[in-house]
1. How big is the range 117-208 by the Kirkwood estimate over distinct Cα pairs, in Å?
2. List the relative contact order of the chain as a percent without decimals, with contacts defined as Cα pairs under 8 Å and 6+ residues apart.
3. Once the cut-off is 19 Å, how many percent of the Cα-Cα pairs in the range 161-237 end up in the long-distance tail?
4. Helix 261-279: angle to the longest alpha-carbon principal axis of the chain, degrees 0 to 90, nearest 10?
5. In the set [x] 75, 62, 33; [y] 103, 54, 34; [z] 60, 47, 36, which value of Cα extents along the principal axes in Å was calculated from the structure you see?
6. Tilt of helix 344-357 relative to the longest C-alpha principal axis of the chain, in degrees (0 to 90, nearest 10)?
7. Sorted by mean Cβ packing within 10 Å, highest first, what order do the peptides 103-112, 271-280 take?
8. What residue among 47, 270, 85 shows peak mean-square fluctuation when the chain is described by a Gaussian network model with Cα springs under 10 Å?
């Protein structure tokens, strides 16, 4: 508990325009005693604290700077999260206090484990990491109490794997991650660990390749999600910016001179880009973007390939392929995207360019 007694004695004294000597005289002590109180060199006796509170017309708790802390379970968990957010190592002592008070509460045990894990990883102190591991194992026992949908046996085991890795027990880390890798959640961590800490790069490649494809899919969805958000806000400049980033990303992942499903997605991105450029008054740019979309669609439809091997860096994937609901062909995907915007200028530009090609 942090006390502000020294600061408050000085503050209240100055508010009343008193010197240290005058306050000392009022309390019947030496000026040196008051100096030591304010310099945090000593503490006044209890009866003097009570007398000062009365003298300054305040309460003892205000003079001390004490604030009543909410120590109920939910508040305790939030306080522990605050220590983690603020990177305040005092949270470790508070965690131990909370564990004594709520030894069988999942939220307290798990949040305490997270504190020890975070500070242990940052400082690379093995005693903190071992305590984190101990608490994470206890969290698994208490897991039936959990109500947070983002926490599961799978995620806790992932946290444990990170701790094992920091404790130089890489084999245990990989084994645990593989055992709880449902949906490929830990493909990236397994691949990284195998390639670096375990010195088994070839074994890492399939995991890294799967992680790459998963993250490409997630980023495509994320870009489209943001485009819809920004367009709903009429923030077309931001929509254009994230589309340009998405286009560059997909272009960089495409194997050169090979048709790829990335071309199909990039065509849709270019239609979206054309729409945002119309909305920002860049009609010339909108035309160029739509032309690029058409070029990508025609090239893809001439030799369509949904094979994952067309993605750069992806390797050792057995019969992996992409699937989407954009349209049966790339051209159909573009047409669907144009219709979805229901914008007169975009639709007119689309008709004009298609009629010109005919």
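1. 13.6 Å
2. With pairs under 8 Å counted, the relative contact order is 8 percent.
3. Tail fraction, whole percent: 47.
4. Computed tilt is about 70 degrees.
5. Looking at Cα extents along the principal axes in Å for this model, the match is [y].
6. Taking Cα atoms only, the helix is inclined about 30 degrees.
7. Packing proxy ranking, top to bottom: 271-280, 103-112.
8. 47
We did not get these values from a lab; they are worked out from the coordinates using the rules stated. Everything numeric here is computed off the predicted structure, so don't read it as measured data. We place every Cβ from the backbone using ideal geometry, glycine too, and count neighbours over all the protein chains shown.
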